[in-house]
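Any read-out appearing in this document is the output of simple, stated calculations on the displayed coordinates, not a laboratory observation. Predicted model, so just to flag it, every value in this text is computed and none were measured. Cβ sites come from the backbone with ideal geometry, for glycine too, and all protein chains shown count toward neighbours.
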Amino acid sequence: MKKEEEKYLRDVIDHFVEMYGFALTPYNRAYKTWFEHKLYGEIIIDFLKKLRVPANIRLKKCPTATIDKPHRVGTIHGINIKSPIPFYSNQFKSLRFEILIDPSQYEKFEIFICVLIHELAHLVLHSTHNKYRMSEVATDLFVMSFGLYEEYDYIMRRMRKTEGYITHEQALYAYHYIQLKRKNANASAFA
């Protein structure tokens, strides 16, 4: 991996930590319990509450692949990419967003949670008019920075490379960078 690429990954992670207050700690362990009990809405509510984004979201289990995107496993409808609507506006609060996740993604927690948080990350990045909102790699880094780095590492080892998304090498670098940042944060907390 090139030095510029490594710098980009570090910059994006640092930006998310600063902008969204991520502590880089593992996600709320209740997510796995809610997943096992099919309480997917609880995950969405908790995620949005943590990021203070008041969104109305409907989760739908349905096929998501298309002819031009045969490997698509999830998508979100309702985001205006050309003209993002700030989350604090009345217009945003009146919108209803729909996240579609392919039924095959509900079989394993690690896969489902990363797909769900990836789609929710699109909503957060667009509604906060984040400078990285158009980058799929940055959206994947958002998922890892949120605390799903181990789950992301799990799925990266099992999935095929998809153009425009984070590579296994990038994810591994990000995973180690997040671990290093956590270690340094913990060390300075006890200094």
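Straight-line reach from Lys183: which lysines fall under 26 Å, measuring Cα to Cα and dropping same-chain residues less than 8 apart? Straight-line reach from Lys183, under 26 Å: Lys2, Lys3, Lys7, Lys32, Lys50. Take every DSSP beta bridge whose two residues both sit in the chain; close to 40 percent of them are antiparallel. Annotation: the residues Cys62, Cys114, sorted from fewest to most other C-beta atoms within 10 Å of their own C-beta, follow the order Cys62, Cys114. Of the residues Glu36, Glu119, Glu151, which exhibits the maximal mean-square fluctuation in a Gaussian network model of the chain defined by a 10 Å Cα contact cut-off? Highest fluctuation among the options: Glu36. GNM remark for the chain: springs join alpha carbons under 10 Å apart, and the peak mean-square fluctuation among His77, His37, His168 falls on His37.
Shown for Ser104, Ser94: other C-beta atoms within 10 Å of each C-beta, ranked fewest to most, produce the order Ser94, Ser104. The mean sequence distance of close C-alpha pairs (under 8 Å, at least 6 residues apart), as a share of the length of the chain, puts its relative contact order at 25 percent. If you bin all the Cα-Cα distances of the range 75-147 at 10 Å, starting from zero, the percentages per bin are 20, 49, 27, 4.
Expressed in nm to one decimal, what extension gain is obtained for the pair Tyr88 and Glu5 from 0.36 nm per residue of sequence separation less their Cα-Cα distance?
Details: separation 83, 0.36 × 83 = 29.88 nm, distance 3.33 nm.
In short, 26.6 nm is gained.
Largest first, the extents of the alpha carbon coordinates of the chain on the three principal axes equal 45, 37, 36 Å.
Taking the Cα centre of the chain as origin and assigning +1 to Lys and Arg Cβ atoms and -1 to Asp and Glu Cβ atoms, the resulting dipole is close to 320 debye.
Between Ile43, Ile81, Ile13, the Gaussian network model of the chain with springs among Cα atoms under 10 angstrom shows the greatest mean-square fluctuation at Ile81. For Asn56, nonlocal amide neighbours, meaning residues 5 or more places apart or on other chains whose placed amide H falls under 5 Å from its own, are Phe97.
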